[in-house]
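Structure first, commentary second.
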Amino acid sequence: MARVVQKFGGSSVADAESIARVARRVVETQQEGNEVVVVISAMGDATDDLMDLAQRVNPNPPGRELDMLLTAGERISAALLAMAIDARGATAVSYTGSQAGVITTAAHGNARIIDITPGRIVSALNQGHVVIVAGFQGVAQDTKDVTTLGRGASDTTAVALAAALGAEYCEIYTDVDGVFTADPRIAPQARRIPQINYEEMLELAANGAKILHLRCVEYARREQVPVHVRSSFSDQPGTWVVAAPDIPSGGIMEDALITGVAHDLSEAKVTVVGVPDRPGRAARVFEVIAALDVNIDMIVQNASVSDDTTAISFTLADADRPRAIEGLRLAQRDIGFTDIIYDDMIGKVSVIGVGMRSHPGVTARFFSALATIGINISMIATSEIRISVVVGEDDVPAAVRAAHTAFGLDSESGEAVVYAGTGR
Ligand code: ASP
Ligand code: MG
């Protein structure tokens, strides 16, 4: 008997009909001889709606109470799914994250899983029940308060449970057919990637692909949990995220240099101008940012030309930009720079693939594809398996398509992929 974890996103449980459809799939999986643990998201836009409601009563709601509120969304869908399974003649028990033994830090809104004590889940499985666990939530080890793990983190709950339960694999059901070589809404010739390795999936998720929560992929890699991302609206195979794909390079072509193209419109670029070109000044700039607990992504420092100052540019989440700039302004005298400017009309485009490790010329091919269509690059960063550029926000769609074509990823049929989903 195999033990499997199935996670269903908000769009898969948006209404009563969808919940019934999920119940059918879950019961079928059990009838095929599996022990089934289901992780569920809140129905449709429920989490956003609860957030809006909170904002209306308090623009700055206390984290503890926000978590009390938001966890209710998953609790509703979990209980409804248990009822729908009961209606099909099988038995199910639903648990909150706390009841399921998801132990976390006390960081409300962004808690981390410390431990999973799945005793109740295991005994319910032993009694032949389907177990349903409310996603993206747990209980803080110290305070015993209810916590949430961050937006989109039901994926992480699912993979963490799969690891703790020794499940054979974890299925992530969503409203798209899997992981694509680019966002099909921008690149209609994108195709589904049948298999991808953890490293590439991590880079895709960290660089703007929203299909899987980043921490879910980190967890899956660390615990070596195979993850199958697929549509709850069809029976088609989706994308397997695994340690070693048995089809090379993301499974599309024998010799693919690139597995996928990701883009991210959520960042902004900040430039600190006139920084004295002396040891310790760059460190001071980033100490200020670090003290604010702001993550930065790319960094570029221009060499000083005429005077002995430099300009330091970095990218960060646009949401963090106001805080970061304010913090730097307060330290302006001390650091001795002359000005701060920013640009929030930027986007990041990344080409990702383990194939580039062993093939020279990937950068040249990427950059000349952009040059051919007149796109200017303002920043560049690389990892062993990724090349990212910052370009103007309006240039992002064309840049994604150009890279996709340049690396031979366009689907041969030339047909647009039918894509209506949101990846939730
Ligand atoms: N419902 C939560 C959210 O919308 C968690 C999730 O769906 O993964 O972020
Ligand atoms: Mg999601």
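Residues are listed down the side, and each one gets a yes or a no for (1) within 20 Å of Gly208 (Cα to Cα); (2) at pLDDT 95 or above; (3) touching a helix residue (DSSP H, G or I) at 6+ places or on another chain (Cβ under 6 Å):
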| position | (1), (2), (3) |
| --- | --- |
| Arg323 | no, yes, no |
| Ile341 | no, yes, no |
| Arg365 | no, yes, yes |
| Thr382 | yes, no, no |
Output the residues belonging to the stretch 189-220 that are within 16 Å of ligand 1 (Cβ to nearest atom) and buried (at least 22 other Cβ atoms within 10 Å of the Cβ). Ala205, Ala209, Ile211, Leu212, His213, Cys216, Val217, Tyr219, Ala220
Pairs where the first residue, in the stretch 154-169, is in contact (Cβ under 8 Å) with a residue 40 or more places away in the chain and the second is of a type in the set (S, T, N, Q) and more than 13 Å from ligand 1 (Cβ to nearest atom), C-beta under 8 Å, 6+ apart: Ala158/Gln6
For the stretch 159-188, enumerate the residues that are closer than 19 Å to Phe233 by Cβ, more than 16 Å from ligand 1 (Cβ to nearest atom) and touching a strand residue (DSSP E or B) at 6+ places or on another chain (Cβ under 8 Å). Asp177, Gly178, Val179, Phe180, Asp183
In the stretch 204-223, what residues are among the charged types (D, E, K, R) and under 15 Å from Asp183 (Cβ atoms)? Lys210
The one condition Ala163 fails out of (1) of a type in the set (A, V, I, L, M, F, W, C); (2) crowded, with 20+ Cβ neighbours inside 10 Å; (3) away from ligand 2 (no atom under 16 Å from the Cβ) is (2)
Mind listing whichever residues of the stretch 15-42 are touching a helix residue (DSSP H, G or I) at 6+ places or on another chain (Cβ under 9 Å) and either within 16 Å of ligand 2 (Cβ to nearest atom) or not in a helix (DSSP H, G or I) (or both)? Ser18, Val22, Glu35, Val36, Val37, Val38, Val39, Ile40, Ser41, Ala42
Please find, within the stretch 120-158, the residue that is farthest from Val13 (Cα to Cα) out of those that are near ligand 1 (Cβ under 9 Å from one of its atoms) and either surrounded by fewer than 20 Cβ atoms within 10 Å (Cβ to Cβ) or of a type in the set (Lys, Arg) (or both). Gly150
Looking at the stretch 1-14 only, could you name the residues that are surrounded by fewer than 20 Cβ atoms within 10 Å (Cβ to Cβ), away from ligand 2 (no atom under 16 Å from the Cβ) and of a type in the set (A, V, I, L, M, F, W, C)? Met1, Ala2
Starting from residues that are within 20 Å of Ala16 (Cα to Cα) and out of contact with any strand residue (DSSP E or B) (no Cβ under 6 Å at 6 or more places or on another chain), keep the ones in the stretch 63-76 and report whichever is nearest to ligand 2 (Cβ to nearest atom). Gly73
Residues in the stretch 221-240 that are in contact with a helix residue (DSSP H, G or I) (Cβ under 7 Å, 6 or more places away or on another chain) and crowded, with 21+ Cβ neighbours inside 10 Å: how many? 3
Close pairs (6 angstrom Cβ cut-off, 6 or more residues apart or separate chains): part of a loop (DSSP other than H, G, I, E, B) in the stretch 397-410, polar (S, T, N, Q) and at pLDDT 95 or above anywhere: Leu409/Thr181
Among Ala87, Ala106, Ala79, which is over 25 Å from Asn34 (Cβ atoms) and either within 16 Å of ligand 2 (Cβ to nearest atom) or surrounded by fewer than 20 Cβ atoms within 10 Å (Cβ to Cβ) (or both)? Ala106
Taking the stretch 21-62 on its own, how many of its residues are in contact with a strand residue (DSSP E or B) (Cβ under 6 Å, 6 or more places away or on another chain) and either more than 23 Å from Pro118 (Cα to Cα) or among the β-branched types (Val, Ile, Thr) (or both)? 8
Which residue, of Ile312, Ile325, Ile289, is assigned to a strand (DSSP E or B), surrounded by 14 or more Cβ atoms within 10 Å (Cβ to Cβ) and touching a strand residue (DSSP E or B) at 6+ places or on another chain (Cβ under 7 Å)? Ile312
Leading residue by the ranking (surrounded by the fewest Cβ atoms within 10 Å (Cβ to Cβ)) among those in the stretch 336-369 that are of a type in the set (Asp, Glu) and outside any loop (DSSP other than H, G, I, E, B): Asp339
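The values are calculated or read from the model by the stated rules, or taken from the named source; none is laboratory data. Everything numeric here is computed off the predicted structure, so don't read it as measured data. All Cβ positions, even for glycine, are placed from backbone atoms using ideal geometry, and neighbour counts span all protein chains on display.
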